[in-house]
Structure formats: C-alpha cells, structure tokens
1. Of the numbered conditions (1) among the aliphatic types (A, V, I, L, M); (2) under 20 Å from ASN131 (Cα atoms); (3) buried (at least 23 other Cβ atoms within 10 Å of the Cβ), ALA208 fails exactly one; give the number of that condition.
2. So, restricting to helices (runs of 4 or more DSSP H) that lie completely within the range 260-375, which ones have at least 1 residues that are touching a Phe, Trp or Tyr at 6+ places or on another chain (Cβ under 6 Å)?
3. Report every pair of residues separated by at least 6 positions or lying on different chains whose Cβ atoms are under 9 Å apart, first residue within the range 213-224 and farther than 10 Å from PHE182 by Cβ, second among the polar types (S, T, N, Q) and not in a loop (DSSP other than H, G, I, E, B).
4. How many residues does the range 54-79 contain that are among the polar types (S, T, N, Q) and more than 16 Å from LEU108 (Cα to Cα)?
5. Just to verify a result, which residue in the range 321-375, among those that are among the hydroxyl-bearing types (Ser, Thr, Tyr) and loosely packed, with under 13 Cβ neighbours inside 10 Å, is modelled with the highest pLDDT?
6. Restricting attention to the range 309-355, report how many residues are in contact with a Ser or Thr (Cβ under 8 Å, 6 or more places away or on another chain) and more than 25 Å from LEU266 (Cβ to Cβ).
7. Give TYR316, TYR312, TYR343 a once-over and let me know the one that is touching a Cys at 6+ places or on another chain (Cβ under 7 Å) and assigned by TED's automatic domain parsing to the domain that holds ASP365.
8. With respect to ARG58, is the statement that it is farther than 29 Å from MET139 by Cβ, at pLDDT below 95 and basic (Lys, Arg) true?
Amino acid sequence: MMRTVAVIITFVFLSFNAPLNASGEELPHLDSLINTLSTLDNDTNKARVLLEIGWEYRRVDRINAIAFTERSRELSIQVNNRKGISSSLNNLGVFYSDSGLYERSIKLTKQSLAIDKELGDSAGMVLCLLNIADDYVQMGEPNEALEYTNKALVIERLRDNIPGMAVNLFRKAKIYEDMANFILALECYEQSLVYYEELGSEAGTSKALGNIGIMHEYNGAYDLAIKYYLKALAIAEKQLAHVELPGIEGEIEQMRFIMVNLLSSLGAVYCYLGEYDRAMGYMQWSYRLNNKYENKAGIAGSLNNMGMVLKYQGKYIEALESYMKSLAISEELGDKWEIAGIYNNIAVVYYEKGDNMDMVKEYLDGLATKNRTIS
C-alpha cells in the first residue's frame with residue numbers, strides 16, 4: 001500500500017533573529033590576554049583575566065573555555081571574590097549549555113543566581129534567569145522557561161530598564177510561539193514593539209513588526225500579516241540603504257537577516273493567496289540578496305522557497321530543479337534539518353505528478369532516515 005505523503009509547507013521563514021556569530025576563528029586579543037596573565041601577581045586580577053580568556057575560547061575551544069573558567073572560579077574562591085565566583089559559574093553554565101548539557105548548566109547557573117541575589121546584583125540576576133530560561137526552552141520545558149523569563153521581566157520593570165523589558169517580552173513571545181499559543185505571543189510581541197519604538201531601535205522595531213506579521217499569518221489574517229511585513233521591510237530597506245551612517249554598523253548584519261526573512265514571508269503569504277507571480281518576485285528578491293551577502297544557507301532556503309511556489313503553480317520540473325539546487329547546497333553545509341525538509345518537498349512533487357511513485361518512496365525513505373538522525 002502506498003504510504004501517505006506528509007504535505008508539509010516547508011517555506012524557510014521563521015523569526016527575525018540574527019544567528020549567533022560562531023565563525024570558529026580565534027579572537028584577535030586572545031593571545032594578548034594570555035600574555036597579560038603571565039605578568040599578573042594579584043589573584044583577583046588573575047581571576048578576572050582567566051575569566052576573559054575562558055569566554056574568548058568559547059567559540060574556538062570549549063575544553064579550554066571550561067578549563068580557564070574553572071581556574072578563575074578557584075582563584076575567586078581563594079580570595080573570596082563573590083562576584084568573581086558568580087561570573088565563573090554563570091559562564092560555565094553557558095559552556096555546558098553550548099554542549100547540550102542543560103541540566104548541568106541549570107545547576108551551575110542557579111548557584112550563580114543565588115550569589116547575585118545575595119549581592120543585590122539585579123543585572124547579574126537577570127542574566128542568570130534568562131540563561132536558565134534558555135536551557136529550559138532547549139529541554140522542551142516551556143512552562144519552566146516562562147517562569148524564569150517572567151522573574152527576569154519583573155526585575156527589569158523594577159529597574160525601569162526599557163531595553164531589558166523589550167528583549168524580555170520578545171523572548172517571552174518566542175516561548176509562547178513555540179507553545180503554539182499565538183494569541184499570547186502576539187500580545188508580547190506588540191508590547192515589545194512599543195518599547196523598541198520608544199528606544200528608537202530600528203532593528204528591534206523591524207524584528208518585532210516581522211514577528212507580529214508571523215502571528216497574524218499563523219492566525220490566517222493574511223492582510224494584516226502583509227501590512228506588518230511591509231512596515232518592517234520599509235525600515236530594513238531604509239537602514240540597509242544608509243550603511244555609511246555612523247552608529248548603525250552593529251545592526252547591519254541583523255538587518256540583512258531580517259530583510260531576507262521578510263521577503264520570504266511576503267512570498268509565502270502571496271503564495272497562500274494564489275498570487276504566484278508576486279510570491280515569486282519576493283522569493284527571487286530574497287535569493288538575490290542572499291547571493292549578494294554570500295549567505296549559502298540563505299541561498300539554499302531561497303531556492304527551496306522558489307521550488308515551493310513553482311510546485312503550487314504545477315511547474316513540477318522547474319520545482320524539482322530548484323529543490324535539487326537547494327539540496328546540493330544544504331548537503332555541502334551539512335544542514336540536516338534543511339535536507340529533511342527538501343526531501344519532504346521533493347516527495348510531494350513526485351506524488352502530485354503521479355508518474356513516478358518509486359521516487360516518492362525513495363525520498364520518503366530518505367526523509368525517515370534524516371529524521372532519525374536529527375531526533
């Protein structure tokens with residue numbers, strides 16, 4: 001019996017968050033810090049520099065990151081530097097979280113939180129609370145993540161820290177979104193937007209508008225989704241057109257990421273509405289930008305999205321060509337999630353064509369294998 005094909009719309013557009021820069025390259029001043037360490041005879045200063053070295057190693061050598069941070073913690077204990085102990089514990093939590101050891105990370109971070117609470121360090125408490133919340137998100141425990149995010153939000157409100165409130169509300173919205181509670185997610189994104197607008201943060205405002213658009217799209221309110229996507233897109237275009245202005249350099253990479261995702265989102269909505277030419281126009285625009293920015297993962301995503309539009313138009317040969325190009329790049333990058341999504345999409349095309357069911361089986365079998373490797 002022919003198995004049922006899971007027709008999943010795997011357009012590549014999620015939240016408008018710039019990815020962590022994890023280039024794997026050693027930071028320029030790491031050697032300088034190590035050289036400085038040998039000149040110090042004060043244990044408090046040594047602990048501080050060891051902590052900095054550990055953090056710098058985070059992206060290039062996690063074993064050394066942990067080793068140097070442990071040495072920092074030991075020295076801080078010897079000189080009874082409570083804040084030094086807290087900082088080293090928190091950083092160790094981050095490194096173990098990076099390694100997927102979330103329970104160990106939470107244990108260490110809670111120890112850091114207790115010290116910061118004892119010291120009355122509200123900023124340190126917020127950092128610990130959010131790191132714990134992130135670990136619970138990764139563990140698939142959203143209610144616990146919400147609990148710690150709310151605690152951080154209470155502190156930020158008491159401090160009247162507008163940037164902190166904006167960020168925390170955005171993070172809270174993401175947790176609700178992961179729980180498929182789009183109504184509460186929308187409320188949090190809207191509250192976050194108010195604070196980003198008050199701060200004059202173009203990147204934050206564009207990001208919040210884009211995610212508000214996603215919530216409306218999830219709720220089937222396509223006209224509202226388009227409205228918010230276009231507002232966000234106008235801000236991103238304006239910023240990217242004035243990259244020479246002082247003070248915005250740090251937002252450019254984030255704006256590029258936001259813009260290509262906005263274009264993909266607009267393309268997806270117009271595809272749902274049956275406006276395929278307009279949908280393809282936005283997908284191609286996203287593709288051109290990803291090429292311009294030399295973003296291989298983005299190029300793969302854009303090709304996948306263009307394949308989806310072509311599939312909806314019944315242009316199966318062209319859709320398969322686009323998927324295959326996307327698959328080649330994704331395999332080069334080793335992106336297992338993207339590869340699995342493309343396998344699904346290829347299987348759907350062969351199923352809808354109805355002239356080669358062996359290929360449907362082949363790609364469904366491949367999809368099942370990929371899903372096992374990423375579960």
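1. (2)
2. Because the criterion is at least 1 residues that are touching a Phe, Trp or Tyr at 6+ places or on another chain (Cβ under 6 Å), the helices (runs of 4 or more DSSP H) in the range 260-375 that meet it are 276-292, 296-312, 336-353, 357-374.
3. So the pair list comes out as GLY213/SER265.
4. Step one: filter the range 54-79 for residues among the polar types (S, T, N, Q), giving 64, 69, 72, 76, 78.
Retained after the next criterion (residues that are more than 16 Å from LEU108 (Cα to Cα)): 64, 78.
The total comes to 2.
5. Filtering the range 321-375 down to residues among the hydroxyl-bearing types (Ser, Thr, Tyr) leaves 322-323, 326, 330, 343, 350-351, 363, 369, 373, 375.
From what is left, the residues that are loosely packed, with under 13 Cβ neighbours inside 10 Å are 369, 373, 375.
Numbers: THR369: 66, THR373: 50, SER375: 44.
Per the criteria, the residue is THR369.
6. Residues meeting the conditions: 2.
7. Working: TYR316 fails: touching a Cys at 6+ places or on another chain (Cβ under 7 Å); TYR343 fails: touching a Cys at 6+ places or on another chain (Cβ under 7 Å).
Only one candidate passes the filter, namely TYR312.
8. Details: farther than 29 Å from MET139 by Cβ: no; at pLDDT below 95: yes; basic (Lys, Arg): yes.
Spelling it out, it is not the case that ARG58 is farther than 29 Å from MET139 by Cβ, at pLDDT below 95 and basic (Lys, Arg).
The values are calculated or read from the model by the stated rules, or taken from the named source; none is laboratory data. Note that this is a predicted model, so its numbers are computed, not measured. Because the Cβ atoms are built from the backbone with ideal geometry, glycine has one as well, and the counts that use them run over all protein chains shown.
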